[in-house]
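The structure appears below as structure tokens.
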Amino acid sequence: MPIRTRFAPSPTGYLHIGGVRTALFNWLFTRGKGGQFILRIDDTDSDRNQAEALLPILDGFRWLGLNWDEGPTPDGKGSVGPHAPYFQSKRNHLYVEAAMKLLHSGYAYPDMMTKEQIDADRKAAEAAKKAYVHRGPNRDLTAEENVRQYQATPKALRLKVPLGQTVVIDDLIRGRVEFQTDLIGDPVILRAPDPDGTCRALYNFATVVDDVAMEITHVIRAAEHLSNTPVQALAYQALGAKVPQFAHVPVVNYKGDKMSKRKLPPLTKDELAKLRTLGWTDEQIKARTDLNIATVAYYRELGYLPAALVNYLGRLGWSLDDKTEFIPLPEMIAHFGLDRVNNAPGNFDQDKLFWLASEYMKLLPLEDKVTGAMPYLQKAGVVGKEIDAPTRGKVTKVIEACGDRLKLFSDVLAYGVFFFKKPEYDMAAMTKRVKKEGVPALLKEYAEQMKSLPSFDKATLEQSLHQFCEQKGLKLADMNHALRVATTGVPVGPGLFDCLEILGKDEVLARIEAALKMA
RNA sequence: GGCCCCAUCGUCUAGAGGCCUAGGACACAGGAUUUUCACUCCUGCAACCGGAGUUCGAAUCUCCGUGGGGUCACCA
């Protein structure tokens, strides 16, 4: 039997880091074993703007390279696969059907107790410091009688939890976990009818019905679902279906707290500042409620390589061996196994992700770096929408000059905006490097010399500056700093001679002149 | 509160009784190289939650604590 796993995101409008990690484990597991990975949309309680809220999730998956064999169509409007539709909101009739089957076979019963009664019982149990275990009176009636009552007055349908049993879950990550059925209240599987007459299923039941229908063999999900598992296992049994293998992966924390998708941490001042330097306006930032350190979109906007995020997330809670950190996707697919997934929750560490991003960037071909960095220059407004050959050529040179300094695509702005617009002078650096005793005169003199240079390539420039310094009895560093700040405005950047060559003679001379006016 | 899960450097992890003086990586701190920064290369800092037990021997097994988390909905 082929391995089939699934990931069931809710259309929330963004792809959460923790969710991706879980999805990735599912995906890796099937890709390594030749199975199928299914995307099923868990939209039972929200039907408004569904496609719109789903798209960012599908886009995120595509960006990361996590493809699905069955699930929604790329536009999020339809379904592809033998078990369509893959939207739970479109599958309610199947849940009702399954619930009716359980009612007729005596595994489920209509609960005639009123909400008031249940609440009172619950309070009484709490007062007595005992666990409240719901058992509706109808569970002791015959199936025929329950069917009759349900047809007369449809109420919420509950699963009849067997008494005095032990449910054993052999979890692929946790090992053997046992639960006593006497502590599990009869769960509602189908709600009482809505005003319009539809009876909607509850998550715990819908999931089981879908997993059975879609022939899911391995349920790999977040550890928070472990407590739901016995109820679901009971539902499988009642349905007469084979219980799948379960694997509960540890949750992802952030600074020690759960990186919950329900309470996304707000952007910090630094993170906001970062986006602003990329050319984002406050309105644009505010409009993107999905931008947040816990969402995939945030890293995408900052110019992280998707391969780095995948590598990072794959290593969070799973290890290949005692030393390997850099694990490209093909290797991860080949070696991933649930047996090496950790039990303890892990903390999401932006530093390590950043480091991996730089490692992947180092290996990226120059052309790809150019393509990846271009949108940032465009967004900053220093490069037009249409990229002509000279522009692309210049950007290529800039990226090349940036070298390993470029860790994220957005770094092109940090290290290279001044190639595309007049420098914004860092006054502290100006004071330190240019407005110094004797420096303006030296700059002026060297500028004169540059005018007569036979060519303005970096080798010639380097040689000429060395010569100049030697004649003047200066250290190269002195002129270097002064020239850098005078021509780029800032104290850090690509190699000086790279900068000068890319800027070109006319621009360099003009900038030195401008800087001297300020000095 | 009941039930369930978890517990090694600040962080991610290796470790399935002797290979552990606890290894690697990120971060951090020093240093080397260098025209700044980045890269690279060295070096350093830094952990088995506590207590009993089992054993010749325990980070590893057992029990009891402690701490953290999850879950107990006609939410997902």
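Summary table below
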| read-out | value |
| --- | --- |
| Filtered residue count, the range A:332-352, keeping only those that are more than 8 Å from RNA strand B (Cβ to nearest atom) and more than 20 Å from residue A:220 (Cβ to Cβ) | 1 |
| When residues of the range A:396-429 are limited to those that are within 14 Å of RNA strand B (Cβ to nearest atom) and over 37 Å from the mean Cα position of the chain (by Cα), the one surrounded by the most Cβ atoms within 10 Å (Cβ to Cβ) | A:429 |
| Given (1) at pLDDT 95 or above; (2) β-branched (Val, Ile, Thr); (3) over 15 Å from the mean Cα position of the chain (by Cα), index of the condition residue A:310 fails | (3) |
| Residue pairs meeting the criteria (Cβ under 7 Å; at least 6 apart or on separate chains; first closer than 17 Å to residue A:361 by Cα, in the range A:321-333; second β-branched (Val, Ile, Thr) and in a helix (DSSP H, G or I)) | A:329/A:310 |
| Residues of the range A:279-299 that turn out to be touching a helix residue (DSSP H, G or I) at 6+ places or on another chain (Cβ under 6 Å) and outside any loop (DSSP other than H, G, I, E, B), as a count | 3 |
| Top-ranked residue of the range A:171-197 - restricted to ones that are in contact (Cβ under 8 Å) with a residue 60 or more places away in the chain and in contact with a Lys or Arg (Cβ under 9 Å, 6 or more places away or on another chain), ranked as nearest to RNA strand B (Cβ to nearest atom) | A:188 |
| Any chance residue A:205 is at negative phi and in a helix (DSSP H, G or I) | yes |
| Among (1) more than 14 Å from RNA strand B (Cβ to nearest atom); (2) part of a strand (DSSP E or B) - the single one residue A:6 does not satisfy | (1) |
| Every residue from the range A:145-182 that is in contact with a Gly (Cβ under 9 Å, 6 or more places away or on another chain) and either on the phi > 0 side of the Ramachandran plot or in a helix (DSSP H, G or I) (or both) | A:146, A:181, A:182 |
| Where a residue in the range A:505-519 is modelled with pLDDT of 95 or more and its partner, wherever it lies, is not charged (D, E, K, R) and not in a helix (DSSP H, G or I), with Cβ under 6 Å and at least six apart | A:505/A:456 |
| Count of residues meeting criterion [among the aliphatic types (A, V, I, L, M) and part of a helix (DSSP H, G or I)] in the range A:218-262 | 8 |
| Candidate set from the range A:122-141 (those that are of a type in the set (D, E, K, R) and either at pLDDT 90 or above or farther than 19 Å from residue A:231 by Cβ (or both)); member that is surrounded by the most Cβ atoms within 10 Å (Cβ to Cβ) | A:139 |
| Pick from the range A:86-119, criterion within 15 Å of residue A:155 (Cα to Cα) and free of Cβ contacts under 8 Å to residues at least 24 places away in the same chain, ranking: farthest from RNA strand B (Cβ to nearest atom) | A:100 |
| Residues (away from RNA strand B (no atom under 16 Å from the Cβ), touching a residue at least 60 places away in the same chain (Cβ under 8 Å) and not charged (D, E, K, R)) located in the range A:367-395 | A:372, A:376, A:380, A:381 |
| So residue A:296, is it under 19 Å from residue A:22 (Cα atoms) and touching a Lys or Arg at 6+ places or on another chain (Cβ under 9 Å) | no |
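To keep it simple, each residue is scored yes or no on (1) under 18 Å from the mean Cα position of the chain (by Cα); (2) surrounded by fewer than 17 Cβ atoms within 10 Å (Cβ to Cβ); (3) among the β-branched types (Val, Ile, Thr).
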site	(1), (2), (3)
A:227	no, yes, no
A:231	no, no, yes
A:250	yes, no, no
A:258	yes, yes, no
A:270	no, yes, no
A:277	no, yes, yes
A:297	yes, no, no
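The values are calculated or read from the model by the stated rules, or taken from the named source; none is laboratory data. Everything quoted here is computed from the prediction, not taken from an experiment. Heads up, the Cβs are rebuilt from the backbone with ideal geometry, glycines too, and the neighbour counts pull from every protein chain shown.
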